[in-house]
Each structure stands twice: as structure tokens, then as C-alpha cells.
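The values are calculated or read from the model by the stated rules, or taken from the named source; none is laboratory data. All figures in this text were calculated on a predicted structure; none of them were measured in a lab. Note: ideal-geometry Cβ built from the backbone for every residue, glycine included; neighbour counts use all protein chains shown. What goes into the accessible areas is simple: the full protein's heavy atoms, side chains included, and nothing from ligands, DNA or RNA. Shrake-Rupley method; radii C 1.70, N 1.55, O 1.52, S 1.80 Å.
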Amino acid sequence: MFLHFHLLHLDLSKVYLSLSRAKQLHALILKTHLSHDPFYATRIVRFYAVNGDLHSACKLFDESPSQSVYLWNSIIRAHAQAHKFEEAFSLFTKMLRTEIRPDNFTYACIIRACSESFDLEGLKLVHCGVTVSGLGLDSICSSALVTAYSKLGLVDEASRVFYGTPQQDLVLWNSIISAYGNCGRWDKGLQLFSEMRSMEMMPDGYTIVGLLLGLSDSSLITIGQGLHGLCLKCNLDSNAHVSSVLVSMYSRCMCMNSAHRVFSGLFQPDLVTWSALITGYSQSGDYGKALFFFKNLNMEGKKADSILIASVLAAAAQIANVGPGCEIHAYVLRHGLESHVMISSALIAMYSKCGFLGMGTRVFEIMPEKNIISYNSLILGLGLHGLASEAFRMFDEILRNGLKPDEYTFTALLGACCHAGIVKDGREIFRRMKDEFCIQPRTEHYVHMVKLLGMEGGLEEAYNLILSLPEPVDCGIWGALLLCCDVCGNSELAEIVAQRLFESSSEKGAYRVMLSNIYAGDGRWDDAKKLRDHMTEGKLRKITGLSWIKGFSRSA
DNA sequence: ATAGGGTTAG
């Protein structure tokens, strides 16, 4: 018996176990009644949770003679980690009815569960509970609260919690820095970083990751390079998380050379880092490189997962040739990954973008389980091929199957109307989206509506639609109208629209080019020239030159 | 005597 205790103790503290060893252990646990020991009971619950056996965990919990705080926490955590939030909450309320008081760890776990299930009401309630039970100043509860509020988009609330906590440890600093990073406020993150340094707190990998997360476009590249330098100085560049975030930061900033340099300096990049690099090449338009690195990954004998495959498929969808996409499809079948909804949806998109809508439809039809994402992919493909009525038939099928259309469904449907030029159905589905499905239209919906109305001669109506929107109006929407002005050859309205864009957008150059293009198309050469003279950058001059050529060939 | 936990990436 004592030997068994010893063996179990050794094995249970390991995170990874082979399946057969886990089964042996399970048998041993049942035989020894070790689970009646309060100390081992929590360890065993943890063991079951790690191995995905919630059923046994619950059984053990229910049969346990004495339920300590430890045991309660581990069973709640087991459910929360398996995303069984309902069960986790009901266990928590059950715990409140016992003698045992929840402690800071219990609350931390429940707080996280609230944010992962997007339950703001619940989070506020639990926050009250924390305060009432006298844990309002506890740094463990606070870091969980900071993260939870930021995940739900309430970064100011997160900040209040942070400043309300007297003992700010490293984890709490990291939580608030990540909170600001997550919403793109890198400057605030850096400010906190310097505050933290002035208090002699040493940053770690989490800190750097939080700071890097906030950098999202190429204008911030110098900040990113500075942080990269900091990583090297702190010897954090070998940390797997840090290096993958460096790769994705450089990718977001369109610095693929730097991204590749970081990548190739790694001893054994993990799947996330590979996928950051591949996605980076794909998003900067270098689809060939994206596929090349996917090939390299395979040659190193590594197995891609569904997220990586979906990203490679997005690259394959952008090449005119369907060949690479087919190869990836074969890879998916060989590795038995075809049941992943994300992969199937990416396959549908790839085939339809490469012109093989039939193959896309086929993939859709043989999917064992279709969800709203797969329907959205198919509708997008149908729309791309001008088959608006087919797209609407799919929409009806969604409703018949009791699925709930989401904002992407309507984006795809409106796109289908744009391609087919059917204003009436577009108007109708836009109305139903708002009234019947209570979906607040977003930028992309307005962009499609503006294009749909504007392209079919309803420039005035499109303009009025934009004027009815609350400020600030996204410049993509104005841009769509400018495009329509170009197509309809209306340079007066284009002038007004461009003015709005010059006021609000940072990409003045591109809109100047478009406007001068419209002027040229309308024969207003002097106005076009005046605009062109404003531009100093060589590249922009080149583009303007092209627009002159285009305008000239149109009027000739 | 032992025990659990809060913050990171594609």
C-alpha cells in the first residue's frame, strides 16, 4: 500500500502521461481508495482534469468524505478549463451554501470563467462578492479581474482595479500591461512599463509580450525594434512566447525580413511561431513564401494543426492556381483533419476563390456537421461567383436548420447582392438584419450598402445613408463612395467625399491619387495637376502618373 | 510535513 502511495505521488505530479499509463493509474486509484485521502484527492482530481476525464473527477469529488477548499477549487477549475462554464458556476454557488468559504483562488478561477464565457453581468456580481468577502485588496484576485475586464473590453475598469490594489506584484503589472496591449494602447503600456521599472520591478516574458501586443502597424516599427532590443538585453529572446510574438509583431508591421531573421535565429520554433511567419508572408502578399515555409515545416517532420492549415489555405486561396490548394486538401485528408470546421470552411473559401466553386460546394456537402461559419464560407463563395439567389437559398437553409445567422452571414449576403447588382434584395436583407435579427450594422455592412446603391446609380442615396450615420464615420465607408464616384464619373460629389477623407484618414496619399484619377477621368486636368503637385513622394507620383494615363485613355 | 492559483503567442 505504501508503495502505491509513493508511485502515485510521483506520477500525479507529472503533467504529461501516456494514455496507457493514465489508465493504469486510474485502475490503481480505484483499487487503493487513495482518493479518500484529502491530500491525494485534490491531486487526483487535477490528474483527471489534465487527462480530460471530467466524469471520474466528479465521481471522486462526490464520493469524497471531506471537501476541503483545495478540493472545491480543483473541481471548479477542472470544469472551467474544460469550458463547462455552467457547471463551474453551479458548483461555485453550491460551494457558497456550504461551510467552506471560497478563497482568493476560487474567485480567481470564477473570474476567469466569467471572462471566457463573455459574462459581464456575472463578472460584476463576482467582483462584488470579492469585495464583500474582504479579498478586494488581494493581488491574485486583482490580476484575474484586470485580465477579465480587459478581455471584455473594459480597460478603464481594469485600470481602476489595478490602482486599487496596494501590493502590485509582477503578475499584476503584467496583467495591466497586457490589458493595454490588447486594446492597442501601446503608449499607455510603455508608460506603465517605465513606472514599473522605477519601482525596481524586473520584467519577464509576459511583460514584453504584453507590450508587443499593442503594436499593430508599420508606423510603430521603431518601438517594436526598441522592445526587441530590450528582449535581447534581458535574455528573453529564447522564450517561446516572446519569440513568436516578435515574429508576429514584425509581420503585422510588414517587416518580413526582420520576422524571418527572428525566426531563423530560433533553435526549435514551435507551431505558433511557424504559423505567425506563414500568416505574415500571406498577409503581406507573398503567398509563394507562405507556401514555401509550409513545405519546409513538413520537411522537418512537424505536423501542422488546424489553425496553421487554415492560414496556409488562406494563402493558397490568393493564387490563381488551384494546384497548391489541392495539395493542402490532400494533406488534410492524409492527416485526418477534415472534420475540423475551421479547415473545411477555409477549403470552401479556397476553392471558390480559385474559381472551383463546385469543389467548394462538394466540401460543404460532405461536412458531417455544418455550423454558421461553414455556411458563411459557402455564401461568400456563391456571392463571388454572382450566384446571389443560390446564396439566399443557403440563408433560408440556415434558418430552417435552426442556426443563427451572424454579422458575417449578412456581410456575405450583401456582398453577393453587390456582385449581382440586385439593389432590391440588398435593401431588404439589410433591413431584416437590423429589425429581425437585431444585428447592429458594422463598417463592412455599410461599405457594401454604399457600393450597392452607388454602383447602380443611387449616388445620392448612398451619400445620404452615410450622412445619417453617427460620427465618426469609418473612412472605409467614405472610400467606398469615392470609388462609386469614380465609376459613375461624378467629380463634384467626389470632391466633397475626398474632403471628408482628407480630414479624417491617415492615408491621404491614396485618396489624393483616387481623386486626381477621377478629375482626370472627368477632363478636369488642371484640378488633377494641382492635386498631383501636392505630392512629394516618388512612389505616389508614379501612381498619379498611372492615373493620368488611365484618365487619358478613357477620354481619348 | 505535504496541497491549489492569478498574467503571454499563431
- Has segment A:415-438 got any residue that is on the phi < 0 side of the Ramachandran plot, over 25 Å from the mean Cα position of the chain (by Cα), assigned to a helix (DSSP H, G or I) and among the aromatic types (Phe, Trp, Tyr)? yes
- Task: Kindly indicate whether A:SER216 is more than 28 Å from A:SER142 (Cβ to Cβ), among the polar types (S, T, N, Q) and within 11 Å of DNA strand B (Cβ to nearest atom).
- Result: no
- Residues being within 14 Å of DNA strand B (Cβ to nearest atom), surrounded by fewer than 17 Cβ atoms within 10 Å (Cβ to Cβ) and among the charged types (D, E, K, R) - total across segment A:231-256: 0
- Mind checking which helices (runs of 4 or more DSSP H) fall wholly inside segment A:444-556 and carry at least 3 residues that are at pLDDT below 80 and within 35 Å of the chain's Cα centre (by Cα)? A:508-521, A:538-555
- Task: Considering every residue within segment A:257-265, establish whether at least one is surrounded by fewer than 18 Cβ atoms within 10 Å (Cβ to Cβ), within 13 Å of DNA strand B (Cβ to nearest atom) and not in a helix (DSSP H, G or I).
- Result: no
- Message: Condition first: within 22 Å of A:CYS255 (Cβ to Cβ), out of contact with any Cys (no Cβ under 7 Å at 6 or more places or on another chain) and surrounded by fewer than 20 Cβ atoms within 10 Å (Cβ to Cβ). Now tell me which residues in segment A:180-226 satisfy that.
- Response: A:ASN182, A:GLY184, A:ARG185, A:ASP187, A:LEU190, A:GLY205, A:SER216, A:SER219, A:THR222, A:ILE223, A:GLN225, A:GLY226
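Could you check segment A:69-81 and list, in sequence order, the residues that are within 11 Å of DNA strand B (Cβ to nearest atom) and of a type outside the set (D, E, K, R)?
A:VAL69, A:TYR70, A:LEU71, A:TRP72, A:ASN73, A:SER74, A:ILE75, A:ILE76, A:ALA78, A:ALA80, A:GLN81
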- Note on the structure: Here the residues within segment A:114-137 that are of a type in the set (A, V, I, L, M) and under 16 Å from A:SER90 (Cβ atoms) are A:LEU125, A:VAL126
- Message: Please determine whether any residue of segment A:284-297 is open to solvent by 60 Å² or more (accessible area, probe 1.4 Å) and within 10 Å of DNA strand B (Cβ to nearest atom).
- Response: no
- Residues located in segment A:300-328, provided they are more than 10 Å from DNA strand B (Cβ to nearest atom), touching a residue at least 24 places away in the same chain (Cβ under 8 Å), open to solvent by 20 Å² or more (accessible area, probe 1.4 Å) and in a helix (DSSP H, G or I): A:ALA314, A:PRO324
- Note on the structure: Within segment A:338-359, restricting to residues that are over 24 Å from the mean Cα position of the chain (by Cα) and either part of a loop (DSSP other than H, G, I, E, B) or not aliphatic (A, V, I, L, M) (or both), the one that is nearest to A:GLY323 (Cα to Cα) is A:CYS354
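What about A:THR273, is it assigned to a helix (DSSP H, G or I) and either open to solvent by 30 Å² or more (accessible area, probe 1.4 Å) or in contact with a strand residue (DSSP E or B) (Cβ under 7 Å, 6 or more places away or on another chain) (or both)?
The answer is no for A:THR273.
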- Run down A:SER216, A:SER238, A:SER248 and say which single residue is within 19 Å of A:TRP274 (Cβ to Cβ), under 23 Å from the mean Cα position of the chain (by Cα) and in contact (Cβ under 8 Å) with a residue 24 or more places away in the chain. A:SER248
- Query: Of all residues in segment A:128-148, which are hydroxyl-bearing (Ser, Thr, Tyr), more than 9 Å from DNA strand B (Cβ to nearest atom) and in contact (Cβ under 8 Å) with a residue 24 or more places away in the chain?
  - Reply: A:SER133
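Quick one: which residue in A:ALA158, A:ALA148, A:ALA144 is at pLDDT 90 or above, at negative phi, under 20 Å from the mean Cα position of the chain (by Cα) and buried (at least 16 other Cβ atoms within 10 Å of the Cβ)?
One residue alone meets the criteria, A:ALA148.
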- Somewhere in segment A:46-68, is a residue within 8 Å of DNA strand B (Cβ to nearest atom) and over 34 Å from the mean Cα position of the chain (by Cα)? yes
